[in-house]
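Scroll down for the structure; my scribbles are underneath it.
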Amino acid sequence: MRLELDGITKRFGSLVANDHVNLTVEPGEIHCLLGENGAGKSTLMNILFGLLHADSGEIRIDGAPVTFADPGEAIRDGIGMVHQHFMLVPVFTVAENVALGFEPTRRFGWLDRRSARAQVRKLSTEFGLEVNPDAVVETLPVGVQQRVEILKALHRDARLLILDEPTAVLTPQETEALFHIMRSLKASGRSILFITHKLKEVLSVADRITVMRLGRVVGSTAPAQTDEEALATMMVGRNVELVITKPPGHPAGTVLQLEHLTVSDERGVTVVEDVDLEIRAGEIVALAGVQGNGQTELAEAVVGLRPVRSGSLRLAGVDLTHTSVRQRIHDGLADIPEDRQLDGLVLSLSIAENLILDQYDVAPFAHLGVRNLSAMRANGDRALNEFDIRAVNENVPVGTLSGGNQQKVVVARELARRVKALIASQPTRGLDVGSIEYVHRRIVEARDDGAAVLIISSELDEVLALGDRVAVMYRGRIVGIVDPGVGRETIGLMMAGGGTPSAGNEGVTEHVGVSAGEEP
Amino acid sequence: MTTEPIAAPAPAEDVTLPVLTVDGRGGNGDGRGGGGGRDGSTGEVPLYKRLLNRLVEANPTVVTILSIFTALIFGGILIDVTSGTVVHALSHIGSHPGRALSLTCTTVLDAYGAIFSGSVLSPTALGHAISTGQGWTGVFNPLSETCVAATPLILAGVGVAIGFRTGVFNIGAQGQLIAGSIVALYVGFAVHLPIGIHLPLVILAGAAGGAAAGLIPGILKARTGAHEVIVTIMLNYVFLNLLNYILGGAPFQLPGQTNEISQKMLSTARMPHLFGSTLRVNLSFVIAIAMAALASWFMNRSTLGFSFKVSGANANAARTAGMSSSKVTILVFAISGLFAGMAGMATLAGTNFFLSSGYGGTIGFNAITVALLGRNKPWGVVWASMLFAMLDVGGATMQVRTGITLDLTSVIQATIIFFIATPMLVREIYRLRSTGQGALQLFTKGWSG
């Protein structure tokens, strides 16, 4: 399919989300749409998929103008979309999910399960997807669920596939497998529109790259003609440091000490098992792992949001295992939570109020139970400058800021006071390149000021860029602690449970993981 | 756009694109504008234009006003179609169109005029008072009655609103109101003290009774996770029947009575009148306004109020910031109950002076309504309570003067809330612009609480 978007413009009130966007996807082409959050990529895709309607401009398929009133019409014309958040029924099998909405039926409306299964099998072999049609979706790993989404689109005869940030939830190995699938789809003549903000992926898989910024297409290029720096500059509109230059740390004594830490989830299932970890002052330990391997729960246990079942936690020698969140904050623990909107901020409150969320009842922000609003505003005003938070003033609601600026508010709050240890979970998730650079720099500064830093990230780039040591977590256990110098491949394998590095690997500085037989 | 390959950095002029700087969604999302000063983006739009924009966008204030307006229109239609004369005139609209149209209008205007003159100010009474110099009581009586009716609504409504702001749904204002009344009544008739001590003690007793009743669901929710909506609804029945029970015998029952009527408050336990004994408005009204002011200060300036607000807006963030959710839950129920208890006390010590079966009517439930209408802000609750009191008080005048039944005002009250709860509908009817920030959902979010 040859897809042409011609002069697409979409306004939301005074905001121009798409400003005369032109884009052409040739048949059998993997076309990358690159841009920061808020650049207008999602708006454009929603217009293409019939979820939004352009104010002006034209969509042409194979030269003929088309309009889509709803996604159903887009699907009928051969456009398939794999959303970032999967649209699958967890308790249905793969075949049932794929058939859903387009079910083959026999007489009297009986579902023809056999033909649905056969369809899945046929498509799956054709493109090397390797999916069992009878598996129940909720039991499948994320990477396979994503393939089910692709199957769904293929089952509806999609000739152009839109993949919206498909690699955000995948391990490096799963990402490679996805790229393999994408190439075989391309070989069959299908076009792929691949949306991402990860530069490495773009260069390895794209035939053509279109970069958007502030609602406009700022350029179009091919991988051979560009590199990461040039793409980043196009995306952000200024030079950015992709990998921050980090001087070697000067670790001192142990500050944060986890011993045999075991944590359960709400159902009583052990999610963190017998974790030992020591982080020294002036050191960053990056905890790598695919999402859902217990890192979130580990971080929650450390900051006090989740009870510790057994084991202990010490901060600068003080036992914090069973103390309150408040006590831990008081003792010098800072926390950048995984989901800033869910746990980190109150979107309806002002920047100034969010900046004192954990200090609201202590001096200088309160005296005898009465808040000191002018001290709060002065603090907010100072933070706007110091942490480069872009806002009209400190009184605007945090919810009106961009993701990057919201995260700066969280970082400003946590790093404004002297911290002994900082726990940062996915500190740059969903942020644009410019904000990532900024947050990384601040975290390294905190380290150099003598804080013990624990970074939890599923982004391998981030782990490698920040970690002085890298601990890899798999199924609730730390399977190894290595030097970031051992390389992506080794760490990627460990993340996928592919065994700890062999004894001869000189990058391994420590091996704290527990072998399988050693149950507590 | 350009389709030729660009490997070099984009031209510098692109860096300062001003297009997307108005709200946080664009690019770097900076409200400051591309490298500009802080007040860059909003300073260029003239003030009148910004005000005009505020009026045509679906912000909560505009929606509230339009909800009231729409409800009055709806009430007007109801008046017309239930009026025999109007329907008769409309059936002859072909022959007498003028009469039919004027009747549809005058009937409605008469009814609403009667509500106004019965609850705020009667122009006839005013004219009479000015020309004769007599009958000033009649001029001020409607407003006085509206204030009397609004007093318990304000107090209980503010209490419910504080709960809503904190994210808890105190449906138990009715029960807490009764609990406060019982304690205040006991102190009011069984204790003998001079007025300067007795009356403050009665006020405190009402507050304490309500707070104690509020603590029950608060502690249950904090300690056991019991759902506050279920618990408070059930407690309403407990207190309702507790009142019936104690009215059946000593020490509360009025001696020599078989009816369920309590002893009377001693004169030292009664609120003084504000403007002489002919107007019923009394100190309770001043207390209600003062408590609303206190609540407003409390939510905005106290550390406890701040932790309430944060817990209500985002309980997870509150927990992450080290606030104790059980402490907040227990205290907010105590405070919400305290206001409800004072509402019961205010009418008891202000105008009623005794308790009987069914005391409090549906004040505790109307409190939920005015909290909603007042957008859970203390001063908003004051205005909403005054409006509802006007409809209640004026409705009686309307019934006497026009024969339209008092139930109409209940329909109008319910219709207002109907529209408040469906802001999308109001937006559609008046073609308001979307603010795009989900601001309207704040009204009713979290009822599953």
With label points set 7 Å from each Cα along the Cα-to-Cβ direction at A:Asp265 and B:Ala290, the distance between them in nm comes to 5.5 nm
Dipole check, the protein assembly as shown, charges on Cβ (K,R +1; D,E -1), about Cα centroid: among A:Tyr438, B:Pro194, A:Thr400 the Cα furthest to the positive pole belongs to B:Pro194
The size of the Cβ-based charge dipole (Lys, Arg +1; Asp, Glu -1) of region A:3-236 about the Cα centre, to the nearest 20 debye, is 600 debye
Here the longest stretch of chain A that holds no chymotrypsin sites (Phe, Trp or Tyr not before Pro) in a DSSP loop having at most 13 other beta carbon atoms within 10 Å is A:111-520
antiparallel share of DSSP beta bridges within region A:3-236, to nearest 5, in %, is 55 percent
The local net charge around B:Val393, scoring Lys/Arg +1 and Asp/Glu -1 for residues other than B:Val393 whose Cβ lies under 13 Å from its Cβ, equals -1
Toy charge model, Lys and Arg Cβ at +1, Asp and Glu Cβ at -1: chain A dipole around Cα centroid in debye, rounded to 20, equals 980 debye
By the DSSP-based rule, helices of chain B that are at least 30 Å long along the axis (C-alpha) and have a mean Kyte score of at least -1.0 are B:60-82, B:97-119, B:136-166, B:195-224, B:325-347, B:378-402
quick note, the protein assembly as shown, DSSP beta bridge pairs, % antiparallel (nearest 5) is 55 percent
Per its Cα gyration tensor (rounded if a/c is under 1.5, else prolate when a/b beats b/c, else oblate), region A:344-417 is best filed as prolate
The value for region A:3-236 (convex hull of the alpha-carbon atoms, volume per residue, Å³) is 128 Å³
Other residues with Cβ under 10 Å from the Cβ of A:Glu36 give, with Lys and Arg +1 and Asp and Glu -1, a net charge of +1
Placing each pseudo-label 7 Å from Cα in the direction of the beta carbon, B:Thr124 and B:Leu72 end up separated by a distance in nanometres of 2.1 nm
Farthest towards the positive end of the dipole of the protein assembly as shown, among A:Ser56, B:Ala208, B:Gly135 and with Cβ unit charges of +1 on Lys and Arg and -1 on Asp and Glu, lies the Cα of B:Gly135
Taking Cα atoms, the helix A:433-448 axis meets the longest principal axis of chain A at an angle in degrees (rounded to 10) of 20 degrees
Among A:Thr221, A:Val94, A:Ser115, the residue whose Cα sits farthest towards the positive end of the charge dipole of region A:3-236 (+1 at Cβ of Lys and Arg, -1 at Cβ of Asp and Glu, taken about the Cα centre) is A:Ser115
In terms of the alpha carbon gyration tensor, root eigenvalues a ≥ b ≥ c, rounded if a/c is under 1.5 and otherwise prolate when a/b exceeds b/c or oblate, chain B is oblate
PRE zone check, label point 7 Å out along Cα-to-Cβ of B:Val87, amide N under 19 Å, scope region B:400-431, hits B:402-409, B:411
Restricted to chain A, the DSSP antiparallel beta bridge percent, nearest 5, is 55 percent
The size of the Cβ-based charge dipole (Lys, Arg +1; Asp, Glu -1) of region A:1-110 about the Cα centre, to the nearest 20 debye, is 320 debye
From the Cα centre of region B:128-199 to that of region A:448-482, the distance in Å is 62 Å
Here the gain from full extension of A:Glu26 to A:Arg183, 0.36 nm per residue of separation minus their alpha-carbon distance, amounts to 55.1 nm
Between A:Glu241 and A:Asn385, Cβ-based FRET efficiency (R0 25 Å, step 0.05) works out to 0.70
For peptide B:306-319, the mean count of other chain Cβ atoms within 10 Å per residue Cβ is 6
So, with points 7 Å from each Cα along the Cβ direction, the A:Arg2-A:Val396 label distance in nm works out to 4.4 nm
Too long for a 29 Å Cα-Cα cut-off, among B:Lys327/B:Lys377; B:Lys221/B:Lys377; B:Lys49/B:Lys309; B:Lys264/B:Lys377; A:Lys198/A:Lys408, are B:Lys49/B:Lys309; B:Lys264/B:Lys377
Between the alpha carbon centres of region A:158-193 and region B:70-101 the gap in Å comes to 67 Å
A student applying the Cα gyration tensor rule (rounded when a/c is under 1.5; otherwise prolate if a/b is larger than b/c, oblate if not) would label region B:172-269 oblate
Contour minus Cα-Cα span, A:Arg326 to A:Arg76, at 0.36 nm per residue, comes to 84.4 nm
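No lab work stands behind these numbers, since they all come straight from the coordinates. Bear in mind that the values here come from a model prediction, so they are computed numbers and not experimental data. Positions of Cβ are generated from backbone atoms using ideal geometry, with glycine treated the same way; all protein chains shown enter the neighbour counts.
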